[in-house]
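A.B. asks: Got a structure for you, questions after.
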Amino acid sequence: MTRIVNIGMNHETAPVELRECLAKEPGTPDVALAGMRELACIKEGLFLSTCNRVEALFTTEDPREAKTAVISLMSRLGGISGEAFSSHIFVNEDIDAVRHIFRVASSLDSMVVGEPQILGQIKEAYARATREKTSGVILNRLMHRAFHVAKRVRSETGISDAAVSVSYAAVELAKKIFYDLSGKTVLLIGAGEMAELAARHLLNQGIGSLRVANRSFRRAVEVAQHFDASPVYFDEIGAQLLEADIVISSTGSPEFVISYPLVKGSLRKRRNRPLFIIDIAVPRDVEPRVNDLGNVYVYDIDDLKGVIQINMTQRQQEALKAERIVEEEVIKFEKWLRTLEVVPTIKSLKEKVEAIRKTELKKSLAGQGDFTFSQTRVIEKLTASIAEKIINDPILFLKEKADRPSKNTYLDIARKLFNLDSTNEQEGR
């Protein structure tokens, strides 16, 4: 009987210094797949490697030997002692492995519940497995169902609606103030990871233009090229405030980059257009008094964390709906897995009936003179249709009994009724 096994470690079971041992080399997934392919006890395999998890998913008929072999392979690839590796891994088998993969694809097992990146990473891992021909019937079906589950969770729950990162929270707040961000002008001050992520979210909302200011103009040019934006000198910030609708500031300056007089001086020329300032720097880039000015909205990182905490609670509530969807799909997949056990009998039945049909048809046509090609085709289709309809009910019956305790009894009866085992023996001789 084929078994599904999942072995790995993630942000909950292993520290980053251990996870990175298997994730730091770009070619590790390919080497891992090659190693799994060489193991006789592994029938199908997939290897997933991200910053938060490293997992091997495989099918086998000898789970004990396969688990030992895969653990040894993964510890060697990471240069980790077997003892250290084994103490930080999780092992899931059969339906528990199916449930785990569905939860991972749906971002229910992520550090940030609802984050979208993991699904793309799983698709990439599956594409690699198909390219290396380590995926087969079971894993193909399992991964496509995982993608289906993730799609259902995204469309039927609000698990990804609420902001759970500072950058995304800032964009959601901007949307609340401006309602529609299309056509808005954004000034990005600083060029750190947080500011870049916020800019990426804003670009996804269809903003009109993006300007990048940084103390190093060279760095401003690099970031601007990445986002198809316009670089500006750091000293031009005051002038840029006249045109900007949204300002995102994330520098390492010990002093205020955006002062009260600087913003106040720009308001008259802005003709009361609202100015939204997101200050995600520590220490802060924006002088607190700026928030007292009319039509100016300033949010610092603490304000955004409050939004994030509220939204995390909302995501947890939506996660309950997602778990229900996952469990529903696990039950469906389990039923499909059980049908695999009746497949050999169904295949034997179809092959025997088809062999009989062809033999009898050949005999009948041999003594009837010449038939035209079209006449022969009509007779072929007629006999094939009759044969298919005759065995349709037995096949449906066997599939229905696939998840019943009495399944083996029905399979044995079917094989005896249609004399399938003697047919196989004759073919073997």
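Every number here is computed from the coordinates shown, using simple stated rules; none is lab data. All of these numbers come straight from a predicted model, not from anything done at the bench. Using ideal geometry, Cβ is built from the backbone for each residue, glycine included, and neighbour counts are taken over all protein chains shown.
A.B. asks: Pairs to check: 358/416; 133/401; 347/399; 321/407; 352/416. Give those whose C-alpha atoms are more than 24 Å from each other in this structure.
C.D. replies: With Cα atoms farther than 24 Å apart: 133/401; 321/407.
A.B. asks: Something else about it: Could you give the length gained by full extension between residue 400 and residue 131, i.e. 0.36 nm per residue of separation minus their alpha carbon distance, to one decimal place?
C.D. replies: Separation in residues times 0.36 nm, less the Cα-Cα distance, equals 93.4 nm.
A.B. asks: Scan the range 55-85 for GluC sites (Glu not before Pro) in coil per DSSP, keeping those whose Cβ has at most 13 other Cβ atoms within 10 Å, and list them by number.
C.D. replies: Listed in order of number, the matching sites are 61.
A.B. asks: Please provide three numbers in whole Å: the alpha-carbon extents of the chain along the principal axes, with the largest listed first.
C.D. replies: 104, 60, 39
A.B. asks: Which helices count as membrane-span-like in the chain under these terms: full DSSP H, at least 20 Å along the axis by C-alpha, Kyte-Doolittle mean of -1.0 or more?
C.D. replies: Helices meeting the span and hydropathy rule in the chain are 63-78, 117-131, 137-156, 301-339, 343-366, 373-400.
A.B. asks: A follow-up question, please. Taking 20 °C and 1.002 mPa s as the conditions, I'd like the Stokes-Einstein D for the range 232-357 in µm²/s, using the Kirkwood hydrodynamic radius from alpha carbon pairs.
C.D. replies: Answer, rounded: 108 µm²/s.
A.B. asks: Report the chymotrypsin sites (Phe, Trp or Tyr not before Pro) located in the range 136-228 that are in a DSSP loop and have at most 11 other Cβ atoms inside 10 Å of their Cβ, or state none.
C.D. replies: Passing sites in the range 136-228 are 179.
A.B. asks: Between residue 370 and residue 17, what is 0.36 nm times their sequence separation minus the Cα-Cα distance? Round to one decimal in nm.
C.D. replies: Extra length available between residue 370 and residue 17 comes to 119.3 nm.
A.B. asks: For the pair residue 123 and residue 235, what calculated FRET efficiency results from E = 1/(1 + (r/R0)^6), where r is the Cβ-Cβ distance and R0 = 56 Å, to the nearest 0.05?
C.D. replies: Taking R0 as 56 Å, the efficiency between residue 235 and residue 123 is 0.80.
A.B. asks: With a 10 Å Cβ neighbour count serving as the proxy for reagent exposure, in which order, fewest first, do 111, 9 appear?
C.D. replies: Going from least to most buried by this count: 111, 9.
A.B. asks: Also, quick follow-up: Taking the chain as a Gaussian network, where each spring joins two C-alpha atoms under 10 Å apart, which residue of 339, 13, 68 fluctuates the most?
C.D. replies: 68
A.B. asks: May I have the extent of the alpha carbons of the range 341-424 along their three principal axes, as whole Å values ordered from largest to smallest?
C.D. replies: Rounded to whole Å, the extents work out to 53, 23, 15 Å.
A.B. asks: Per residue and in Å³, how big is the convex hull formed by the alpha-carbon atoms of the range 3-156?
C.D. replies: 97
A.B. asks: Next up: Along the charge dipole of the chain, Cβ charges K/R +1 and D/E -1, which of 183, 272, 384 sits furthest on the positive end?
C.D. replies: After comparing all options, I get 384.
A.B. asks: Along each principal axis of its Cα atoms, how long is the range 166-308 end to end? Whole angstroms, biggest number first, please.
C.D. replies: Extents along the principal axes: 34, 29, 29 Å.
A.B. asks: Place a point 7 Å from the Cα of residue 272 along the Cα-to-Cβ direction; which residues of the range 286-303 have their backbone N under 20 Å from it?
C.D. replies: Zone members listed by number: 291-298.
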